[in-house]
There are 2 protein chains.
Amino acid sequence: MEFGYSDKILRVNLSNDKISVEHPEEKFYRKYIGGEGFVAYYLLKELKPNIDPLGPENKLVFATGPITGVSIAGAGRNSVGAKSPLTNGFGEAEVGGYWGPELKRAGFDAIIIEGKAKSPIFIWIKNENVEIRDASLIWGKTTGEAQQIIKNELDDKLVHISQIGPGGEHLVRYACVINDLRSAAGRTGMGAVMGSKNLKAVVVRGNKRPKVANKEKLRELRDSFSNNYLKNYKEYYSYGTGGGVMEMFATIGNLPTRNFKAGGTNRAKTLDPKINKEEINLKMETCFACPIKCKKVVQIKEPWVVDPIYGGPEYETLAAFGSNCGIYDLKAVCKANELCNKYSIDTISTGMNISFAMECFENNILNESDTGGIVLKFGNSQAMIQMIEKIAKREGLGDILAEGVKRAAEKIQNGAQEFAIHVKGQELPMHEPRFKQGLGLGYTISPTGAEHMHNLHDTAIASEGSIANFKTLGILTPLQLDDLSAKKVRALIYQMNWCALVNALVMCYFVPWNPFELTEVVRAVTGWNTSTFELMKVGERIMNMTRIFNLREGFTSDDDRLPDRFFQPHTSGALAETSIDLEKFSEAKNIYYEMMGWDKNGVPSKIKLDELDISWANSF
Amino acid sequence: MEFGYSDKILRVNLSNDKISVEHPEEKFYRKYIGGEGFVAYYLLKELKPNIDPLGPENKLVFATGPITGVSIAGAGRNSVGAKSPLTNGFGEAEVGGYWGPELKRAGFDAIIIEGKAKSPIFIWIKNENVEIRDASLIWGKTTGEAQQIIKNELDDKLVHISQIGPGGEHLVRYACVINDLRSAAGRTGMGAVMGSKNLKAVVVRGNKRPKVANKEKLRELRDSFSNNYLKNYKEYYSYGTGGGVMEMFATIGNLPTRNFKAGGTNRAKTLDPKINKEEINLKMETCFACPIKCKKVVQIKEPWVVDPIYGGPEYETLAAFGSNCGIYDLKAVCKANELCNKYSIDTISTGMNISFAMECFENNILNESDTGGIVLKFGNSQAMIQMIEKIAKREGLGDILAEGVKRAAEKIQNGAQEFAIHVKGQELPMHEPRFKQGLGLGYTISPTGAEHMHNLHDTAIASEGSIANFKTLGILTPLQLDDLSAKKVRALIYQMNWCALVNALVMCYFVPWNPFELTEVVRAVTGWNTSTFELMKVGERIMNMTRIFNLREGFTSDDDRLPDRFFQPHTSGALAETSIDLEKFSEAKNIYYEMMGWDKNGVPSKIKLDELDISWANSF
């Protein structure tokens, strides 16, 4: 191929230090695109069923897409995938920054890491030169310390580093992978997989420019983006995610509060990064080539020192450590975010594990002897910060919580399971399924358990004004937030397939390209004569491959379900009388299966796989 | 809506002379697009099941699409639909020329004609003025005579006329509708439906310019068409369809010969309009706004006089009256074409009815007492021409053949059914299903019986060079002509859905827009933020609505089958050892159903209809 890709996949086996390069044919690239598509392909093709996700048989895939590294908004991301130690199923997360583009500049579309190193190492890729280097002296260091040591050792300040901190090393099941200290491939525990392989970091530096088929068209699209979109999003993105919306979210019932039990709070304003920007010295930075600049950087001197090198909290983090833990102290949330990035643990799952423990504590299922004297009540900022340290280092109760709420509840018992808010073992992100009921169904079906990166945000189709992009796919009329009819399921399916495609392109969701425009971007970059139809089929293909991966690991239709909590209303606030109707929800799940061409047990039909040109996946 | 449509549907009830205008909402236009989409919508919504297609309860729909009348290649067509008197199922055909654009210029997107006039009439539409006028004096006239009389009566030479000749008046079940004497909405007997309503013609004149959303983009697409495509097609289209290919078709076994029984012939060259252009005084004309100029005009002085006002024979006609009747006399074929256009009968079905009768005659199932003394043998040009007259006027054996081969064989008996080459009552067009086996399956599933306007021409994906446009939909590898695997079925389904969309846009197939480009055309004309994904769903929607229409009329999965002949090889030539494997073919049909989301009996599932946003169609 001439455009969009490097045509090289790097394979590194850490058990025997074998380094090799593969050159897939063009059809492979076109069918699986990149990112989550590559991850789905390699995991389904190459992993044996039922392996230990933290054993040497697991494989860790870093993948870019055709657009990664091309000079256009949203092209700064990469994907990290492996069998998840959190869900024991398909694991994958995306991350922004500069690392993905740098890998592409080094000449690789993806890296597959196999086996397990005998002792801590890092991988150093400088263009075609790939080295496995000793990391014994870096092991145990925080991400910030490790970055400094690696840059010094390589004598290169411009390298980009994707790494783990102590959380990954200690195999926290929701450890994340951190790019350049402040961008996280947060979900599904990919950092634990790195840790299990004794892999501290993958460091890259390259100087190849990605080749674009139609530069003029790409320039035109870039201009159109600046002229049509940027101005509308500027105010919003000046304060990053969560800026200016926290109070509104609380009012409508969509701000998870006290482990998803309580409803609205009148204190949400205190968590808003727009309103409190001076308190946290808010500055904005960006990812590769992106004019949106939505990445927060915060700096705080007291009562905690928060180092700006670790960025600042996204909306998910603000809610997970804020309202979700009953905490309305923005500085404490910023400190929590800094610690998570230092230790490489997922802010969402960490916040949810702490809120789980808080609810256990308040219900006398845990007490001070369990917590080592910490009064682990909702609202206790200091306790929250202490618990983050304990989780990352697997100390005391932290060792149990490092397993994730599902396993922790099984260990704690005494009714703790009621408070374990997860799907397939992954803790819920900060979107309320009683409020966005289509998203609630999406949580149950997403290949990685509860998450918001393959999902429908029902608000996006709830009004005539917000539905514009969906019309590009033929969803022509607004749909109620609590609609769970076939119409809503259709929108959810289209959206989940679309998201899987975006995850394969590893394009940022905050770039508001509609499906036609993104198709134009892919055409301009790759030179392929493709269409939104073909690209949507790529998404559908990925949703089927990941489904089959999970079925192979033993998941059944019974695992596609929400915690009981969501079938009861909030204790207060806007959703005090609103919950999900279990019967409608179950029916919607059946509709989802059938609309996807899956049987009553959620198994893709042979013919559906044939239609998606992945007959090979039939033989699982 | 501002662009692409007139926002007006004209409804004329001939039983009570009521004329009304409807203004559907934008969603209607976007979901059903036009052409075949409108026909499918109105027939399914408004016709009672099991009505007599030749009774007043049938409705006749003339429909344009958003592109009709816009100044771009291929935009000169319109669709005509009704319940078919030939198949008793869904009936629809498209036709080129100038009439469709003129209807749009008059300010109407479509006309729905209901009831039955007490005596012959024609409809005269001049912009918003709609009149029902007496046609008693025109009834019985050939199309050429009628055109002259109407133009004189209206004192307007620039009107465009869609009409029937005596074939339609005599309710020949495969009578067609003729635009301006030389373009035919050929298949499924729409001319008989006109005749049954005492409707001789629909005459239009308008002066409104269709509104285009993005004129600059449309100009760019037009230029791109001229620069990229026109030059490649010029030689081919200089001689129209069939030009320069007849011998090659015979050699490979794809030129239907002697009622689809025999194989190649070494005489096909004599039927080639390119090789014999001087013999027939070949000239080329065009449809509205089209630079391709593929419409033949022929003029012959002896042994028959062929009037150039009736145009000239397309490939289908050359083969149907030529090799298919064992006739290698191009002048005779041109005369046959002229007669069919004069009388308004479909050249394909007429040729096939005559070849059916010839095979019966040669097998002593018919004899000279049946034919009125005509020696109805293969190769007898004079006999063929005599039979056309008899069919159009329903004289003698012609009265039986005017019913179509299915009914004729039932009447003739004595084994005649073996020679009745049809699917669902409609005679096969001139594409050999033993050669193109995917198309063979398409014949069985097409909503209008055997036809080539919702079908896959397997040659289009049989080599790397020919597959380019299919790649736009994700069909990335060539597929053998005789492949009937799931891969082929997938290509067939995508193509049939795509064709249904093109029939809804009423865009010409000879304009080689790929799916992405055609999407760009639709976007430029309508201003909709649509995509190939949404548009392909329109095609799929139509394939499901038409399926339901046929199921409602009593068709079952058993009707989705080819005549026995195709499971045996040709008597000679390239396919002397090739036939269709019945078992593979049946299996492919089952794959088709399942891939479409239809049950084992070919019935669309409730959920599939929900997914296509046509839940209303569930209640049939």
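The values are calculated or read from the model by the stated rules, or taken from the named source; none is laboratory data. Note that the structure is a prediction, hence the values are computed from the model and not measured. A quick note on method: Cβ atoms are made from the backbone with ideal geometry, for glycine too, and the neighbour counts reach across all protein chains shown. Only protein heavy atoms, including side chains, enter the accessible area calculation; ligands, DNA and RNA are left aside. Shrake-Rupley method; radii C 1.70, N 1.55, O 1.52, S 1.80 Å.
Restricting region A:237-284 to residues that are polar (S, T, N, Q), closer than 26 Å to A:ILE580 by Cβ and open to solvent by 60 Å² or more (accessible area, probe 1.4 Å), the residue that is modelled with the lowest pLDDT is A:ASN266.
Hey, any hits in region B:537-552 for a residue that's in contact with a helix residue (DSSP H, G or I) (Cβ under 6 Å, 6 or more places away or on another chain), more than 14 Å from chain A (Cβ to nearest Cβ) and surrounded by fewer than 23 Cβ atoms within 10 Å (Cβ to Cβ)? Yes, there is a match, as at least one residue in region B:537-552 is in contact with a helix residue (DSSP H, G or I) (Cβ under 6 Å, 6 or more places away or on another chain), more than 14 Å from chain A (Cβ to nearest Cβ) and surrounded by fewer than 23 Cβ atoms within 10 Å (Cβ to Cβ). Comparison of A:GLY373, A:GLY404, A:GLY379, A:GLY415 shows that the only residue that is open to solvent by less than 20 Å² (accessible area, probe 1.4 Å) and either in contact with a Ser or Thr (Cβ under 9 Å, 6 or more places away or on another chain) or not assigned by TED's automatic domain parsing to the domain that holds A:GLN147 (or both) is A:GLY404. A single entry from A:LEU86, A:LEU54 fulfils the requirement of being open to solvent by less than 10 Å² (accessible area, probe 1.4 Å), of a type in the set (A, V, I, L, M, F, W, C) and on the phi < 0 side of the Ramachandran plot: A:LEU86.
Looking only at residues of region A:521-536 that are within 9 Å of chain B (Cβ to nearest Cβ) and in a helix (DSSP H, G or I), we find that the one that is surrounded by the fewest Cβ atoms within 10 Å (Cβ to Cβ) is A:ARG523. Screening B:LEU103 with (1) under 21 Å from the mean Cα position of the chain (by Cα); (2) farther than 16 Å from B:ARG11 by Cβ; (3) not in a strand (DSSP E or B) gives one miss only, at (2).
Among all residues of region B:212-225, there is none that is in contact with an Asp or Glu (Cβ under 8 Å, 6 or more places away or on another chain), crowded, with 20+ Cβ neighbours inside 10 Å and in a loop (DSSP other than H, G, I, E, B). Scanning region B:125-162 for residues that are aliphatic (A, V, I, L, M), farther than 16 Å from B:LEU10 by Cβ and outside any helix (DSSP H, G or I) yields B:ALA135, B:LEU137, B:ILE138, B:LEU158, B:VAL159, B:ILE161. Does A:GLU410 satisfy being out of contact with any Leu (no Cβ under 7 Å at 6 or more places or on another chain), open to solvent by 10 Å² or more (accessible area, probe 1.4 Å) and within 21 Å of A:VAL177 (Cα to Cα)? In short, no. Report yes if B:CYS287 is assigned to a helix (DSSP H, G or I) and surrounded by 23 or more Cβ atoms within 10 Å (Cβ to Cβ), otherwise no. Spelling it out, it is not the case that B:CYS287 is assigned to a helix (DSSP H, G or I) and surrounded by 23 or more Cβ atoms within 10 Å (Cβ to Cβ). When residues in region A:558-593 are screened for being out of contact with any Ser or Thr (no Cβ under 7 Å at 6 or more places or on another chain) and within 14 Å of chain B (Cβ to nearest Cβ), 6 of them pass. Taking only region B:558-591 into account, find how many residues are in contact with a strand residue (DSSP E or B) (Cβ under 9 Å, 6 or more places away or on another chain) and not in a loop (DSSP other than H, G, I, E, B). Qualifying residue count for the region: 1. If you go through region A:248-273 and keep only what is in contact with a Ser or Thr (Cβ under 7 Å, 6 or more places away or on another chain), closer than 14 Å to A:VAL333 by Cβ and part of a helix (DSSP H, G or I), you end up with A:ALA268, A:LEU271. Among helices (runs of 4 or more DSSP H) entirely within region B:428-515, having at least 3 residues that are within 14 Å of chain A (Cβ to nearest Cβ) and open to solvent by less than 10 Å² (accessible area, probe 1.4 Å) singles out B:486-505. Quick one: is B:PHE555 more than 14 Å from chain A (Cβ to nearest Cβ), in contact (Cβ under 8 Å) with a residue 12 or more places away in the chain and part of a helix (DSSP H, G or I)? No.
Any idea which residue in region A:595-615 is nearest to the other protein chains (Cβ to nearest Cβ), counting only those that are free of Cβ contacts under 8 Å to residues at least 12 places away in the same chain, surrounded by fewer than 21 Cβ atoms within 10 Å (Cβ to Cβ) and farther than 24 Å from A:PHE38 by Cβ?
A:SER605
Listed here are the helices (runs of 4 or more DSSP H) enclosed by region A:321-392 that have at least 1 residues being touching a residue at least 60 places away in the same chain (Cβ under 8 Å): A:330-343, A:347-362. Is it true that A:GLU316 is in a helix (DSSP H, G or I) and either open to solvent by 10 Å² or more (accessible area, probe 1.4 Å) or modelled with pLDDT under 95 (or both)? When the stated conditions are applied, A:GLU316 passes them. Tallying residues that are at positive phi and touching an Asp or Glu at 6+ places or on another chain (Cβ under 6 Å) within region B:108-138 yields 0. If you go through region B:1-59 and pick out every residue that is part of a loop (DSSP other than H, G, I, E, B), in contact (Cβ under 8 Å) with a residue 12 or more places away in the chain and within 14 Å of chain A (Cβ to nearest Cβ), you end up with 3.
Considering only region A:351-373, state which residues are out of contact with any helix residue (DSSP H, G or I) (no Cβ under 6 Å at 6 or more places or on another chain) and not hydrophobic (A, V, I, L, M, F, W, C). A:GLU362, A:ASN363, A:ASN364, A:ASN367, A:GLU368, A:SER369, A:GLY372, A:GLY373 - these are the residues of region A:351-373 that are out of contact with any helix residue (DSSP H, G or I) (no Cβ under 6 Å at 6 or more places or on another chain) and not hydrophobic (A, V, I, L, M, F, W, C).
A residue that is under 23 Å from B:ASN590 (Cα atoms) and touching a helix residue (DSSP H, G or I) at 6+ places or on another chain (Cβ under 6 Å) can be found somewhere in region A:578-591.
Scanning region B:183-206 for residues being surrounded by fewer than 24 Cβ atoms within 10 Å (Cβ to Cβ) and in contact with a helix residue (DSSP H, G or I) (Cβ under 6 Å, 6 or more places away or on another chain) gives a total of 1.
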